[in-house]
Amino acid sequence: MSFKQNFLWGGATAANQFEGGFDADGKGLSTADVMTAGSFDTARHITWRDPETGETGYTELTFGGKRVAPEGTVPAVLAGEFYPSHVAADFYHHYKEDIALMAEMGFKTFRMSINWSRIFPNGDDEKPNEAGLEFYDHVFDELKKYHIEPLVTLSHYETPLNLAIKYNGWASRKLIGFYTKYAETVFKRYTGKVRYWLTFNEINCMDIMPFIAGGLIDGSVQNRAQGAHNQFVASALAVKLGHEIDSNYQVGQMLAYSQLYAMTADPADQLKTLKQMDDTLFYSDVQTGGHYPASRLAYYQREGVRLADSPEDYELLAKYSADFLSFSCYTSNVVTTHEGEGKDVGGNMSMGLANPYLKNSAWGWATDPYVLRIALNTLYNRYRKPLWIVENGLGAVDQIAEDGKIHDDYRIDYLQQNIASMRDAVTIDGVDLMGYTSWGCIDLVSAGTGEMSKRYGYVYVDQDDAGTGSLRRLPKDSFYWYKQVIATNGDDLSN
């Protein structure tokens, strides 16, 4: 047994981290466009302006519900600040070259996102921006030329900035209508060019970084709960629309997933691990499973959360759940109730303790050779729907060697372990897996830190953390290794 013959191998990117062209051809500002660069030691910031006084400033991007701009101010682009999304890797002007490199690797699929504010610059516009629609026409036509299937995320960590300012983003039910209008527009426009869609990237980030996930300027517990509910309803409506517009469309969910392990056999550690996993899986319980779990409803009752909802919302959630569940998974984390034990580490929007049995990357993320097998079994046994790993990879500092090449054996080692783990889940455990798109297949800006130097790609992009460089593309050793993996359908992982 091996991967099925139509297994979708490829890579993944996001418009706000890869595309650039932030104000080209009528595009409006998104929430990503007011976020500065950071580093491993320095947080990213959201810049703001007071419309009355002209005062400017910034707020540190943190986990949780802290306001991202003081009362009376609005997030804004400020002169003299560097915003990584504005140029990023400049896919906007390099898409033909980049897609040709993907084709050389043998990609069967390419995960990308449409920038909502490129289609509706303010989010609530009456008519779409034709130049924005034409850009993605060109991208999809180029992919079709090489027989590469697009996997398109409708909202990947960017909300039109106007909707954040005017409505506090997804805290308002008005965004359901704006989003479904956007979804209907692109569903109809790209019929025959796109088959696979994702509604929201890592939707559970609403609980962690609500400005990034939902454009919430005020991310209170109430607003985060309402924002998640509104996205659930919008997602269900997108599934409904997609099926009505094209019966070939498959509309999936995207979840941020990190496997959690209890540090000790103490039952208190086991319970804490269980409850933290419930907090993550609540989102897929609703979006893929079709129903709110009792644990989340009990939490809302304790917190005094009162959702603005309707009986029809819950009928939609049950009837139009996601066709498949896609997820990101880079690492695992350790959980304990014993304060002061272990070293704190991070990993793709989650926090935990270092695992003494695993090695960590330079950014503190553990390399876990079993994580994908455990994740796939956990999710498949819970939902019994097809799965798709749409993010996985290693962020590292790559250096051009004296021979002019990039020898990223460390990345190959990581990917070998992870793909082998994924293969075991398919061939031994019988998990239904649709595809694998490793993250940042061509170097892009890190979402968490805003750095270019935290590289994931098979292709190096000459751009530094200050936004300077030639933007020249250079295949790494992993480029040729991944080409071999795809050519053998995952059978040959040797280096």
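The range 298-396 holds strands (runs of 3 or more DSSP E) entirely within its bounds, and those carrying 1 or more residues that are at pLDDT 95 or above and closer than 30 Å to Gly177 by Cβ map to 325-328, 387-391.
Going by what's in this entry, would Glu104 be described as in a helix (DSSP H, G or I) and modelled with pLDDT of 95 or more? In short, yes. Here Gly404 fulfils each of the conditions (1) of a type outside the set (D, E, K, R); (2) closer than 24 Å to Arg423 by Cβ; (3) at pLDDT 95 or above apart from (2). For the range 147-162, what are the residues that are surrounded by fewer than 24 Cβ atoms within 10 Å (Cβ to Cβ), touching a strand residue (DSSP E or B) at 6+ places or on another chain (Cβ under 9 Å) and not aliphatic (A, V, I, L, M)? Within the range 147-162, Glu149, Pro150 meet the criteria. For the range 52-87, the tally of residues that are within 21 Å of Asp23 (Cβ to Cβ), free of Cβ contacts under 8 Å to residues at least 60 places away in the same chain and β-branched (Val, Ile, Thr) stands at 2. Looking only at residues of the range 263-297 that are part of a helix (DSSP H, G or I) and of a type in the set (Phe, Trp, Tyr), we find that the one that is surrounded by the most Cβ atoms within 10 Å (Cβ to Cβ) is Tyr283. For Tyr410, the conditions (1) at pLDDT below 95; (2) assigned to a helix (DSSP H, G or I); (3) hydroxyl-bearing (Ser, Thr, Tyr) all hold with the exception of (1).
Sub-7 Å Cβ pairs linking a first residue in the range 127-152 that is under 24 Å from Phe7 (Cβ atoms) to a second residue that is of a type in the set (D, E, K, R), at least 6 apart or interchain, are Phe140/Lys193; Glu142/Lys96; Lys144/Lys193; Ile148/Lys108; Glu149/Lys108; Glu149/Arg195; Leu151/Arg111, ordered by first then second residue. Scanning the range 83-99 turns up no residue that is more than 25 Å from the chain's Cα centre (by Cα), among the polar types (S, T, N, Q) and surrounded by 21 or more Cβ atoms within 10 Å (Cβ to Cβ). Within the range 452-486, being part of a strand (DSSP E or B) and either surrounded by fewer than 20 Cβ atoms within 10 Å (Cβ to Cβ) or aromatic (Phe, Trp, Tyr) (or both) holds for Tyr460, Arg473, Leu474, Pro475. Between Leu415, Leu493, the distinction of being more than 21 Å from the chain's Cα centre (by Cα) and of a type in the set (A, V, I, L, M) belongs to Leu493 only.
Is it the case that the range 35-51 has a residue that's of a type in the set (A, V, I, L, M, F, W, C), outside any loop (DSSP other than H, G, I, E, B), in contact (Cβ under 8 Å) with a residue 40 or more places away in the chain and more than 30 Å from Glu134 (Cβ to Cβ)? Yes: the range 35-51 contains one or more residues that are of a type in the set (A, V, I, L, M, F, W, C), outside any loop (DSSP other than H, G, I, E, B), in contact (Cβ under 8 Å) with a residue 40 or more places away in the chain and more than 30 Å from Glu134 (Cβ to Cβ).
Contact annotation: residue pairs with Cβ atoms under 6 Å, 6 or more positions apart or on different chains, pairing a residue in the range 408-421 that is among the charged types (D, E, K, R) with a partner that is in a helix (DSSP H, G or I) and modelled with pLDDT of 95 or more, are Asp408/Asp477; Asp408/Ser478; Arg411/Ser478.
Quick grid of which residues meet (1) in a helix (DSSP H, G or I); (2) closer than 29 Å to Arg49 by Cα; (3) in contact (Cβ under 8 Å) with a residue 60 or more places away in the chain; (4) of a type in the set (Phe, Trp, Tyr):
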position	(1), (2), (3), (4)
Ala89	no, yes, yes, no
Tyr95	yes, no, no, yes
Ala100	yes, no, no, no
Arg111	no, no, yes, no
Asn122	no, yes, yes, no
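So in the range 127-146, with the set limited to residues that are basic (Lys, Arg) and closer than 15 Å to Ala100 by Cβ, which one is surrounded by the most Cβ atoms within 10 Å (Cβ to Cβ)? If we take residues in the range 127-146 being basic (Lys, Arg) and closer than 15 Å to Ala100 by Cβ, then Lys144 is surrounded by the most Cβ atoms within 10 Å (Cβ to Cβ). Which residues, counting only those in the range 58-101, are in contact with a Lys or Arg (Cβ under 9 Å, 6 or more places away or on another chain), modelled with pLDDT under 95 and among the charged types (D, E, K, R)? Glu60, the sole residue that qualifies.
Glu402 satisfies every condition listed in (1) in contact (Cβ under 8 Å) with a residue 40 or more places away in the chain; (2) of a type outside the set (Ser, Thr, Tyr); (3) in a loop (DSSP other than H, G, I, E, B) except (1). If only one of Ile208, Ile176, Ile212 is buried (at least 23 other Cβ atoms within 10 Å of the Cβ) and β-branched (Val, Ile, Thr), which one is it? None of the other options fit; the residue is Ile212. Residues that are crowded, with 21+ Cβ neighbours inside 10 Å and among the aromatic types (Phe, Trp, Tyr) were ranked within the range 384-421; the one that is nearest to Ala14 (Cα to Cα) is Trp388.
Conditions tested, residue by residue: (1) on the phi > 0 side of the Ramachandran plot; (2) out of contact with any Phe, Trp or Tyr (no Cβ under 9 Å at 6 or more places or on another chain).
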| site | (1), (2) |
| --- | --- |
| Gln5 | no, yes |
| Trp9 | no, no |
| Gln17 | no, no |
| Phe22 | no, no |
| Asp25 | yes, no |
| Thr31 | no, no |
| Asp41 | no, yes |
| Asp50 | no, yes |
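The values are calculated or read from the model by the stated rules, or taken from the named source; none is laboratory data. What you see is a predicted model, and the numbers here were worked out from it, not measured in a lab. Counting neighbours? That spans all protein chains shown, and the Cβs are built from the backbone with ideal geometry, glycine included.
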